[in-house]
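Below is one structure, written out as structure tokens, with a few remarks after it.
Please treat every number below as a calculation from the coordinates, not as lab data. Fair warning: this is a prediction, and the values are worked out from it, not measured in the lab.
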Amino acid sequence: MGEVTVVINGVTLTIGQSMMLRMAVTSFLMHMQEVGLGNDEHGKAMAEAYILRASEV
């Protein structure tokens, strides 16, 4: 896997910061997959959308 540059609001993250961001997104993705945002239609739709976007990262 090659080195990836992450820039947020014009600030280039260090490798450590980028890895921390990746771990945070991974943790959030796992939480959405396991717990979600409730059993109502809105919660299910929001969790599905978060899962899709987090999977892209």
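Against the chain, whose longest principal axis is taken from its Cα atoms, helix 41-56 shows a tilt of about 20°.
Relative contact order for the chain using alpha-carbon pairs under 8 Å, separation at least 6, rounded to a whole percent?
Numbers: 30 pairs, mean separation 15.6, N = 57.
For the chain, the relative contact order is 27 percent.
Here is how the number arises for the chain: DSSP H runs of 4 or more residues each give -39500 (n - 2.57), the sum is divided by the residue count, and the result at 222 nm is -21500 deg cm²/dmol. Between residue 52 and residue 22, full extension at 0.36 nm per residue minus the direct alpha carbon distance yields a gain of 9.3 nm. Across all Cα pairs in the chain, the calculated P(r) in 5 Å bins from zero up to the longest distance comes to 4, 19, 21, 19, 14, 11, 8, 3, 0 percent per bin.
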